[in-house]
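K.L.:
Would you mind keeping the following structure in view while I ask a few things?
The values are calculated or read from the model by the stated rules, or taken from the named source; none is laboratory data. Since we're looking at a predicted model, the values are computed, not measured. Cβ placement follows ideal geometry from the backbone for every residue including glycine, while neighbour counts extend to all protein chains displayed. The accessibility values were calculated without ligands, DNA or RNA, using every heavy atom of the protein model including side chains. Shrake-Rupley method; radii C 1.70, N 1.55, O 1.52, S 1.80 Å.
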Amino acid sequence: MARKLLAARSLLWPSLVAVAFASFYVVTQPGPLDYNDAYDYDHLAKSILQGRYELSDDYKSPPLPTMQREPGYPAFRAAIYAIAGDRPNIILWIQALLAGITVLLTGLTVRRLDNRWSLPVAWLVALYPGFAVWTGQHYSEIFAAFLVAPAAYVWVRLWEARDA
């Protein structure tokens with residue numbers, strides 16, 4: 001088992017490279033919370049912890065209930081804050097891990113469809129600069145990619161079971 005996991009054609013390697021590549025951006029270029037989207041997500045996460053889903057339009061007026069942003073990523077941030085406290089950089093490190101898991105799940109999904117393409121696809125995703133850059137930002141892109149990856153894997157598995 002360990003030998004197969006550490007083999008040169010293992011999906012573990014692109015996943016680890018994705019985490020390393022993403023970690024580089026978390027360390028060297030961590031995104032601040034003063035951008036509109038990042039600030040909104042963070043403010044909504046803290047609002048969720050207080051039992052509300054509120055956001056201020058101009059950041060100076062009192063917060064009001066909103067549906068300006070989707071609740072998934074702020075809820076993810078709120079869960080991290082509830083567990084680890086108000087430390088936004090932890091979210092970036094978790095996003096780096098999610099990037100590696102996303103690469104692994106992408107490779108496993110493609111392997112179910114055509115084994116020849118699983119490793120090239122995993123390496124392409126792992127080395128795509130845009131994918132790594134987003135891990136160092138307080139935006140929802142990595143979280144969204146992470147949610148799509150297991151959904152695609154489950155869909156392919158169900159598709160295979162239906163055709164079997």
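K.L.:
Out of the stretch 111-140, which residues are of a type in the set (D, E, K, R) and open to solvent by 80 Å² or more (accessible area, probe 1.4 Å)?
P.N.:
ARG111, ARG112, ARG116, listed by residue number.
K.L.:
Sticking with this one: Among the helices (runs of 4 or more DSSP H) contained in the stretch 14-132, which hold 2 or more residues that are over 22 Å from ALA149 (Cβ atoms)?
P.N.:
So the answer is 36-49, 72-84, 88-113.
K.L.:
Can you work out which of the residues in the stretch 150-164 that are under 19 Å from the mean Cα position of the chain (by Cα) and closer than 13 Å to ARG111 by Cβ is most open to solvent (accessible area, probe 1.4 Å)?
P.N.:
Within the stretch 150-164, the match that is most open to solvent (accessible area, probe 1.4 Å) is TYR153.
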